[in-house]
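The values are calculated or read from the model by the stated rules, or taken from the named source; none is laboratory data. Given the structure is predicted, the values throughout are model-derived calculations rather than measurements. Here the Cβ positions follow ideal geometry from the backbone for every residue, glycine too, while neighbour counts run over all protein chains shown.
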Amino acid sequence: MDNVDAFVDLKAGTRWSATVITLAQVEILTRRWAASGEPLAGRYFWCSDGLIARVADITNVTQVLAGMIQNGDFTRILQRLED
């Protein structure tokens, strides 16, 4: 997988989202956009809850998200979803 949308439901009742993407996928997208002209001919990439990971498979994403929850980083990186 090159990107995946992840949703995290915490015991406290809050829900969070992340779009996990690899650097290789960002490169593919920006090259494609360079040819199509979108966004500014591939000069940038962004997504509101973006998280770049070396590997975007279920095992790695689960480990990354668990680690982020453990060290508190997830509140700065993931997007909180309203009920």
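For region 53-83, how many residues meet the condition of being within 14 Å of the chain's Cα centre (by Cα), under 17 Å from Asp9 (Cβ atoms) and of a type outside the set (A, V, I, L, M)? Qualifying residue count for the region: 5.
Across region 5-28, the qualifying residues are those that are without any contact (Cβ under 8 Å) to a residue 24 or more places away in the chain and not in a loop (DSSP other than H, G, I, E, B), and the one among them that is nearest to the chain's Cα centre (by Cα) is Asp5.
Ala41 meets all of the listed conditions (1) under 16 Å from the mean Cα position of the chain (by Cα); (2) surrounded by 11 or more Cβ atoms within 10 Å (Cβ to Cβ); (3) assigned to a helix (DSSP H, G or I) but one, namely (1).
For region 44-61, taking the residues that are among the β-branched types (Val, Ile, Thr) and outside any helix (DSSP H, G or I), the one that is farthest from Arg76 (Cα to Cα) is identified as Val55.
When the criteria are applied in full, Ile52 meets the requirement of being surrounded by 13 or more Cβ atoms within 10 Å (Cβ to Cβ) and out of contact with any Phe, Trp or Tyr (no Cβ under 7 Å at 6 or more places or on another chain).
Would you confirm, using the coordinates I've provided, whether Ile77 is over 18 Å from Asp2 (Cα atoms) and either in contact with a Lys or Arg (Cβ under 7 Å, 6 or more places away or on another chain) or modelled with pLDDT under 95 (or both)? Spelling it out, Ile77 is indeed over 18 Å from Asp2 (Cα atoms) and either in contact with a Lys or Arg (Cβ under 7 Å, 6 or more places away or on another chain) or modelled with pLDDT under 95 (or both).
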